Amino acid sequence: CPNDAIYQGVEIYEINPQLCTECVGHFDTSQCVEVCPVECIPVNPEHRESKAQLMLKYEQLMAREAG
């Protein structure tokens, strides 16, 4: 994950929605979905974001890193 949004949870890997941009700004597709051998990365209905929202989050994360 280019944003380090994936981490080892108690039983499974989990995704921090505050860091996940679905790879917007980095790649054309979500890399975790691309490399996962099964369809186990569901969209969380509580964290649905538009491409514009994801791009804004990406820009904020990159500004924080450069900061």
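Only one of Val24, Val43, Val35 is β-branched (Val, Ile, Thr) and open to solvent by 100 Å² or more (accessible area, probe 1.4 Å); which?
Details: Val24 fails: open to solvent by 100 Å² or more (accessible area, probe 1.4 Å); Val43 fails: open to solvent by 100 Å² or more (accessible area, probe 1.4 Å).
Just one listed residue meets the conditions, Val35.
Please indicate, with yes or no, whether at least one residue in the stretch 18-31 is without any contact (Cβ under 8 Å) to a residue 60 or more places away in the chain and not in a loop (DSSP other than H, G, I, E, B).
To start, the set of residues in the stretch 18-31 that are without any contact (Cβ under 8 Å) to a residue 60 or more places away in the chain comprises 18-31.
From what's left, not in a loop (DSSP other than H, G, I, E, B): 31.
There is at least one residue in the stretch 18-31 that is without any contact (Cβ under 8 Å) to a residue 60 or more places away in the chain and not in a loop (DSSP other than H, G, I, E, B).
For residues that are touching a helix residue (DSSP H, G or I) at 6+ places or on another chain (Cβ under 9 Å) and in a loop (DSSP other than H, G, I, E, B), scanning just the stretch 3-17, find the one that is nearest to Arg64 (Cα to Cα).
Of everything passing the filter in the stretch 3-17, Asn3 is nearest to Arg64 (Cα to Cα).
Working only within the stretch 37-67, note down all residues that are among the hydrophobic types (A, V, I, L, M, F, W, C) and more than 17 Å from Asp4 (Cβ to Cβ).
The first filter runs over the stretch 37-67 and keeps only residues among the hydrophobic types (A, V, I, L, M, F, W, C), leaving 38, 40-41, 43, 52, 54-56, 61-63, 66.
Those that are among the hydrophobic types (A, V, I, L, M, F, W, C) and more than 17 Å from Asp4 (Cβ to Cβ): Val38, Cys40, Val43, Ala52, Met55, Leu56.
Output the residues belonging to the stretch 46-67 that are assigned to a helix (DSSP H, G or I), surrounded by fewer than 14 Cβ atoms within 10 Å (Cβ to Cβ) and not charged (D, E, K, R). Quick ask: steps written out before the conclusion?
Just the residues of the stretch 46-67 that are assigned to a helix (DSSP H, G or I), to begin with: 46-47, 51-66.
Filter again for surrounded by fewer than 14 Cβ atoms within 10 Å (Cβ to Cβ), leaving 46-47, 51-53, 59-60, 63-66.
His47, Ala52, Gln53, Gln60, Ala63, Ala66 - these are the residues of the stretch 46-67 that are assigned to a helix (DSSP H, G or I), surrounded by fewer than 14 Cβ atoms within 10 Å (Cβ to Cβ) and not charged (D, E, K, R).
Among the residues of the stretch 33-67, which ones are hydroxyl-bearing (Ser, Thr, Tyr) and over 12 Å from the mean Cα position of the chain (by Cα)?
Pass one, the stretch 33-67, residues hydroxyl-bearing (Ser, Thr, Tyr): 50, 58.
Once the filter is applied, which keeps residues that are hydroxyl-bearing (Ser, Thr, Tyr) and over 12 Å from the mean Cα position of the chain (by Cα), the stretch 33-67 yields only Ser50.
The values are calculated or read from the model by the stated rules, or taken from the named source; none is laboratory data. Predicted model only: the values in this text are computed from it and were never measured. Quick reminder, even Gly has a Cβ in these numbers, built from the backbone with ideal geometry, and neighbours come from all protein chains shown. Ligands, DNA and RNA are stripped out before the accessible areas are found, and what is left, the full protein with its side chains, is counted by its heavy atoms. Shrake-Rupley method; radii C 1.70, N 1.55, O 1.52, S 1.80 Å.
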